[in-house]
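Asks: Just dropping this structure here.
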Amino acid sequence: MIGHVDHGKTTLTQALSGKWTDTFSEELKRGITIKLGYANACFFRDENGFNAEGKGKLVRCVSFVDAPGHEALMAVMLAASSIMDGALLVIAANEGIRAQTREHAMAAKIAGIKNVVVVQNKIDSVSREDALKNHEEIEKFLKEYGIDAPVIPVSALHRVNIDLLIEAIEKKIPTPERDPKADPKFLVVRSFDVNKPGTDLQKLVGGVLGGALVRGKLKVGDEIEIRPGIKKGTGWEPVITEITNLATEGVGFFKEATPGGSLAIGTKLDPAITKRDAMMGNVAGKPGKMPPVLNSVTLDVELFERVVGFEEKELKVDPIRVGEPLMINVNTAVTLGIVKSKGDTVELSLKKPVCADREDRFVISRRIDGKWRLIGYGIPA
Ligand code: GTP
Ligand code: MG
């Protein structure tokens, strides 16, 4: 679920999954999503079409990742985009294309998300005429951004056309082909200590990692390495541990995990080091079969012509300057990169190392008027 703030992503997640994913006190107070939300849903089909309410035959189960739309939370959205197989771009009919509609659409493109369904939401809040006008505006925007996606008018709040939306998801976002023989790569988006305060020492369970397995297979009992790991002195050290259980919300525990959907990995790690998402941005896999940890990186950079995240302004993207700090998102990691040199390629020294494959995209944001704005991306040269 991606799109501009308040356009109805969390409401739509609930309409599809039955789960309200904004649960943190700060989110409830401010009425916006701050952390990533996760919700599993299953689609069914009977003589009346598709539904998510268990009527008829089971078609497919999917995990939704509900991203925040607020402009200050782009780093969170970018982390989410690295674990999505497809995206629902939510656009409120009464507001139309806004700054983060464009910025999220760009981010999805950079992340290589080709399968997109556009949700024209809040259709209940506009006249038929304005809905049609807005629909045209959306089609124009999609053409301009080179996105091939159906546009489905819905009301997430009143649960109108959810059946047609599911049908569009089934058509446009098929389950991708996976290679179960590949070396496993698990991207950590969350981590927690699941023990209640005051738990008996004997009953304490190890730290839990939440995220997505993007390739390969993991089994209970497997040894895994987590990179770049934890901070030790002035550097970072990989951690090796064992998988004690595998689970996903609403389904329960299983012995073996393959890619697709969100996954929680129970480990033998000291829960103190996984507390409060401390392991976010790490990659887990088989020891000795992991992508390298990079303290610096040289990138072939592609910059946008314009900064897309502004509401009113049309701002050109200036060339990258030696010495400037850039925000770098790769997989679910976020770090600061200082530009060391630039020519045909850009050399960055990374404040916190990242674990990344050669084919991973490095998303680049620059601080403009006090906010990080997406300006382009790079791939290791
Ligand atoms: P962020 O996560 O903060 O970016 O917002 P969001 O996109 O998740 O929006 P959210 O679901 O929190 O909804 C924002 C507001 O829009 C809430 O007051 C919802 O009740 C309202 N809303 C969502 N969907 C609809 C809809 O279909 N019709 C109407 N009228 N209001 C809606
Ligand atoms: Mg939300």
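The values are calculated or read from the model by the stated rules, or taken from the named source; none is laboratory data. Since the structure is predicted, the reported quantities are computational estimates derived from the model, not experimental observations. Cβ: placed from backbone, ideal geometry, glycine included. Neighbour counts: every protein chain shown. The protein model used for the area step is the full one, side chains on, heavy atoms only, and it has no ligands, DNA or RNA in it. Shrake-Rupley method; radii C 1.70, N 1.55, O 1.52, S 1.80 Å.
Asks: Relative contact order for segment 2-172 using alpha-carbon pairs under 8 Å, separation at least 6, rounded to a whole percent?
Replies: 23 percent
Asks: In deg cm²/dmol, rounded to 500, what helix-only [θ] at 222 nm does the chain give when every DSSP H run of at least 4 residues adds -39500 (n - 2.57) and the total is split over its residues?
Replies: When only DSSP H runs of four or more count, the value is -5000 deg cm²/dmol.
Asks: If the chain between K171 and K29 were fully stretched, how many nm would it gain, using 0.36 nm times the residue separation less the Cα-Cα distance?
Replies: The K171-K29 span can extend by a further 47.4 nm.
Asks: Next up: Taking the Cα centre of segment 19-165 as the origin, how large is its charge dipole in debye, to the nearest 20, when only Lys and Arg (+1) and Asp and Glu (-1) carry charge on their Cβ atoms?
Replies: 260 debye
Asks: OK, next. Gap in Å between the Cα centre of segment 66-109 and the Cα centre of segment 231-283?
Replies: 26 Å
Asks: Which whole-angstrom value gives the distance between the alpha carbon centres of segment 315-376 and segment 115-176?
Replies: 33 Å
Asks: Quick query: amide H of R361 versus all other amide H atoms, modeled in the peptide plane; which residues come in under 5 Å with a sequence gap of 5 or more or a different chain?
Replies: Amide H neighbours of R361: N331.
Asks: Could you work out the per residue convex hull volume over the alpha carbons of segment 108-196, in cubic angstrom?
Replies: Measuring per residue, one finds 179 Å³ for the Cα hull of segment 108-196.
Asks: Once you have the Cα-Cα distance between E53 and D369, take 0.36 nm times their residue separation minus that, and quote the gain in nm to one decimal.
Replies: That works out to 109.2 nm of additional length.
Asks: Right, next: Hey, what D do you get for segment 196-354 in µm²/s if you plug the Kirkwood alpha-carbon radius into Stokes-Einstein at 25 °C and 0.890 mPa s?
Replies: Result for D is 134 µm²/s.
Asks: How far is it, in nm, from the label point at D318 to the one at V251 when both lie 7 Å from their Cα along the line to the Cβ?
Replies: My value for the distance between the label points is 4.9 nm.
Asks: Pull the list of the chain cysteines that no other Cys approaches to under 4.7 Å, Cβ to Cβ.
Replies: C355
Asks: Still on this model: Take E137 and R215, extend 7 Å from each Cα along the Cα→Cβ direction, and tell me the distance between the two endpoints in nm.
Replies: 4.1 nm
Asks: 7 Å from Cα along Cα→Cβ at both K286 and C61: what's the point-to-point distance in nm?
Replies: 2.6 nm
Asks: How would C355, C61 rank on accessible area, largest to smallest, probe 1.4 Å?
Replies: Output order, biggest surface exposure first: C61, C355.
Asks: So what's the Cα pair-distance distribution over segment 293-380, bin width 5 Å, in %?
Replies: Percent of Cα pairs in each bin: 3, 15, 28, 26, 16, 9, 3, 0.
Asks: On to the next question. For segment 2-172, just list the percent of Cα-Cα distances falling in each 10 Å bin from zero outward, please.
Replies: That works out to 11, 41, 38, 11, 0, in percent per bin.
Asks: Given a Förster distance of 30 angstrom, what is the FRET efficiency for T345 paired with R306, based on the Cβ-Cβ distance and rounded to 0.05?
Replies: Using R0 = 30 Å, I get an efficiency of 0.85.
Asks: Right, something else. Which value results when the Cα radius of gyration for the chain is divided by 2.2 N^0.38 Å?
Replies: 1.00
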